[in-house]
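Everything below concerns the one structure shown next.
Computed from the coordinates by the stated procedures, all read-outs in this text should not be read as laboratory data. This structure is a prediction, so every number in the text was calculated from the model and none was measured. Neighbour counts are summed over all protein chains in view; Cβ atoms, including those assigned to glycine, are modelled from backbone coordinates with ideal geometry.
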Amino acid sequence: MARTTTQLLDEALDLPDAERADLVIQLLSSLNGVIDQPFDEPLRREIERRVNEVREGRVATIPWMQARQMIAGTCDAAAAH
């Protein structure tokens, strides 16, 4: 039985941060030629820089739900750290 995109997303969200970042880059790279380039070169370099920071453990990550709450203003950013 084929997995749905929701099932794949659930599995992907369970991956460690660095593996999720790698997956994002691989998925975006797979779209070359299918859609217009989603990122210009400076943005691509910035994304790669940030992915490397996560891979190397130089930045702290937070769970997506916590980030969503912070974006929505329903979470105290100071208490999140």
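Some values worked out for this structure:
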quantity	calculated
Estimated inter-spin distance, Arg45 and Glu19, nm [label 7 Å along Cα→Cβ]	3.2
Pairwise FRET efficiency - Arg3 versus Ile62, Cβ, R0 = 25 Å, nearest 0.05	0.35
